[in-house]
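Colleague: Please read through the structure below; I'll follow up with questions.
The values are calculated or read from the model by the stated rules, or taken from the named source; none is laboratory data. What you are looking at is a predicted structure, and each value in this text was computed from that prediction instead of being measured. A quick note on method: Cβ atoms are made from the backbone with ideal geometry, for glycine too, and the neighbour counts reach across all protein chains shown. Accessible surface areas use protein heavy atoms only, side chains included; no ligands, DNA or RNA. Shrake-Rupley method; radii C 1.70, N 1.55, O 1.52, S 1.80 Å.
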Amino acid sequence: MMTLELGPAARDRLRLLCLGAHPDDIEIGCGGTVLRLLAERPGGSVDWIVFSGSEPRAAEARRGAALFLGDAAEARVSVHRFRDGFFPYLGGEIKELFESLKATLAPDVIFTHHAHDLHQDHRVIAELTWNTFRDQLILEYEIPKYDGGLATPNVFVPLDEATRRRKVGSLMEAFATQREKRWFTDATFDGLMRLRGVECASPSGYAEGFHARKLVVA
């Protein structure tokens with residue numbers, strides 16, 4: 001197993017770009033990793049972009065971002081209103097937004113959806129991420145769902161107990177409209193992190209898993 005450490009880095013500030021098709025996607029997929037990176041690398045900046053969010057979900061998206069980005073020195077949160085479930089048919093409009101991101105952002109690490117996710121909106125965001133950015137480390141996160149589709153990650157980020165609790169607690173606090181759904185439970189999020197923790201021998205027993213198509217070890 002190869003361990004890749006993001007720090008100490010030559011650049012003082014770690015710049016993250018977090019992309020999520022819907023409110024709660026980023027928090028579920030990579031929330032623990034974002035918490036860990038911002039705690040370990042003070043001075044980090046984050047651009048946090050949600051592509052589909054009408055009220056009250058948009059307010060929840062902003063609340064979720066606030067809970068997860070409290071340790072960031074600089075955070076920019078954008079919630080757009082592309083129609084949920086229709087991303088494949090809105091590709092041109094979403095592509096234009098990605099082009100604007102490329103012109104203004106130069107992140108070190110990008111978190112996005114898994115390219116083979118069974119949700120059509122997730123796949124569009126993953127595809128456009130790779131079409132747009134060529135010089136960044138791109139990590140594709142995973143979302144548990146009714147459709148299934150979880151695969152075997154090849155990158156793992158161990159999380160300590162405090163970070164695990166903060167992730168799950170923040171999810172339950174921010175997304176009140178989702179708590180009535182059978183899958184949106186502490187046990188779901190803890191269970192996936194526990195499984196990934198087993199797979200990477202995390203000291204705490206918990207981790208988040210990611211898919212990386214390309215890694216350059218310098």
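Colleague: Taking a spot 7 Å from the Cα of Arg182 along the direction of its beta carbon, which residues of segment 139-160 have an amide N less than 20 Å from it?
Modeller: So the set is 143-150.
Colleague: Quick one: pull the percent of accessible area on segment 1-138 belonging to carbon and sulfur, 1.4 Å probe, ligands and nucleic acids left out.
Modeller: Ligands and nucleic acids excluded, carbon and sulfur reach 50 percent.
Colleague: Counting heavy atoms of the protein chains only and a 1.4 Å probe, report the per residue accessible area for the chain as a whole number of Å².
Modeller: Using a 1.4 Å probe on heavy atoms only, each residue of the chain averages 49 Å².
Colleague: Further question: Can you show me the helix-derived [θ] at 222 nm for the chain, built from DSSP H runs with n ≥ 4 at -39,500 (n - 2.57) apiece and divided by the number of residues, rounded to the nearest 500.
Modeller: The per-residue figure over the chain is -12500 deg cm²/dmol.
Colleague: Restricting to DSSP loop positions (anything but H, G, I, E, B) with no more than 10 other Cβ atoms inside 10 Å of their own Cβ, which chymotrypsin sites (Phe, Trp or Tyr not before Pro) remain in segment 89-150?
Modeller: Hits after loop and neighbour filter: Tyr146.
Colleague: So if I take the centroid of the Cα atoms in segment 30-98 and the same for segment 159-218, what is the distance between those two points in Å?
Modeller: If you average the Cα positions of each part, the centres end up 17 Å apart.
Colleague: Separate question: Just check the chain against the gyration tensor rule for me: Cα atoms, a ≥ b ≥ c as the square roots of the eigenvalues, rounded for a/c under 1.5, and otherwise prolate or oblate depending on whether a/b exceeds b/c.
Modeller: On the way: a/c = 1.31, a/b = 1.07, b/c = 1.22.
Taking the square roots of the gyration eigenvalues as a ≥ b ≥ c, the chain is rounded.
Colleague: Please sort by residue number the GluC sites (Glu not before Pro) in segment 169-218 whose DSSP state is loop and whose Cβ has at most 16 other Cβ atoms within 10 Å.
Modeller: Those satisfying the criteria are Glu180.
Colleague: Size of the dipole of segment 56-104 about the Cα centre, Lys and Arg at +1 and Asp and Glu at -1 on the beta carbon, nothing else charged, in debye to 20?
Modeller: About 140 debye.
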